[in-house]
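What follows is a short report on a single structure.
Read the figures in this text as sums done on the coordinates, not as results from a lab. Since this is a predicted model, take the numbers as computed values, not measurements. Reconstructed Cβ throughout: ideal geometry from the backbone, glycine too, with neighbour counts over all protein chains shown.
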Amino acid sequence: MTLLRSLDKLKTGDKAPDFNLKGIDGKNYTLNDFKDAKALLIIFMCNHCPYVKAKQRMIVDLQSKYKDKGLVIVGINSNESENYPEDNFEGMVETAKEKGFNFAFLHDETQEVAKTYGASCTPDPFLFDAGQKLVFHGRLNNQMEPDQKPTEFDMDEAISAVLEGKKPKQEFLYSIGCSIKWKN
């Protein structure tokens, strides 16, 4: 499961693959539940990764900033939890409550959704337009280490462009994070 695998999967203009995943609210969600989004940001993330932890506030802030303009953020946790118990469903519920998640947080227990999207790390963000076509796959910002302060806000700029009916200036920028913890 390398970055090359990620680049071989979804390409700019591809439709978002469907899924049926349980959310931390106990409901199951499919892609159709987000069909009215003017911009759909799907982020493969988890609870224990220091790179995700460093960006949780930013993700919440993005949802708050753009919700009224049509942004929907969906977090998907695909990590196996036998060796990473913090990433189990109960841990997801606790993390979301503790951090004030204002977006859907879904559990990809089988890891099939991550494989279908070609996700390779946490966080691994995919931004789709109103037609659920991929317009940007890449980093949230230029923060290369969890304790660094970002100076470039790539996802914020990409979301703004999509909501204005424009193309983001980039189609792909490497996201830095922990690898998805795959089942054997």
| task | Using per-residue counts of other Cβ atoms within 10 Å, averaged over each peptide, order 141-149, 115-123, 155-163 from highest down. | result | 115-123, 155-163, 141-149
| remark: Residue by residue through the stretch 37-46, the couplings from Karplus 6.51 cos²θ - 1.76 cosθ + 1.60 with θ = phi - 60°, in Hz, x for Gly and Pro, are 5, 7, 8, 10, 10, 9, 10, 7, 8, 8
| note | Once amide hydrogens are built 1.01 Å from N within the peptide plane, the residues lying 5 or more places from residue 29 or on another chain with amide H under 5 Å from its amide H are 21, 22, 23
| task | Search the structure for amide H atoms under 5 Å from the amide H of residue 172, placed 1.01 Å from N in the peptide plane, and list their residues when 5 or more places away or on another chain. | result | 137
| When the helices in the chain are scored as -39500 (n - 2.57) per DSSP H run of 4 or longer and the sum is shared across all residues, what 222 nm value do you end up with, to the nearest 500 deg cm²/dmol? | -7000 deg cm²/dmol
| said: Go through the cysteines of the chain and tell me which have no other cysteine Cβ under 4.7 Å away. | reply: 46, 121
| Short version: ³J(HN,Hα) in whole Hz for each residue of the stretch 47-58, in order, from phi by Karplus 6.51 cos²θ - 1.76 cosθ + 1.60 (θ = phi - 60°), x for Gly and Pro, what are they? | 9, 9, 5, x, 5, 5, 4, 5, 10, 4, 4, 4
| note | Per the rule of 0.36 nm per residue minus the C-alpha distance, extending residue 167 to residue 98 adds in nm 21.4 nm
| request: Can you tell me how much longer the chain between residue 12 and residue 176 gets when fully stretched, taken as 0.36 nm per residue apart minus their C-alpha distance, in nm with one decimal? | output: 57.1 nm
| field | Set of lysines near residue 67 by C-alpha distance (under 20 Å), chain-local residues within fewer than 8 positions excluded | value | 35, 38, 55, 97, 99, 133, 166, 167
| Extension gain (nm, one decimal) between residue 152 and residue 25, 0.36 nm per residue minus Cα-Cα | 42.4 nm
| task | Can you spot the aspartates and glutamates whose alpha carbon is less than 17 Å from residue 22's alpha carbon? Ignore those fewer than 8 places along the same chain. | result | 33, 80, 87, 90, 94, 108, 109, 112
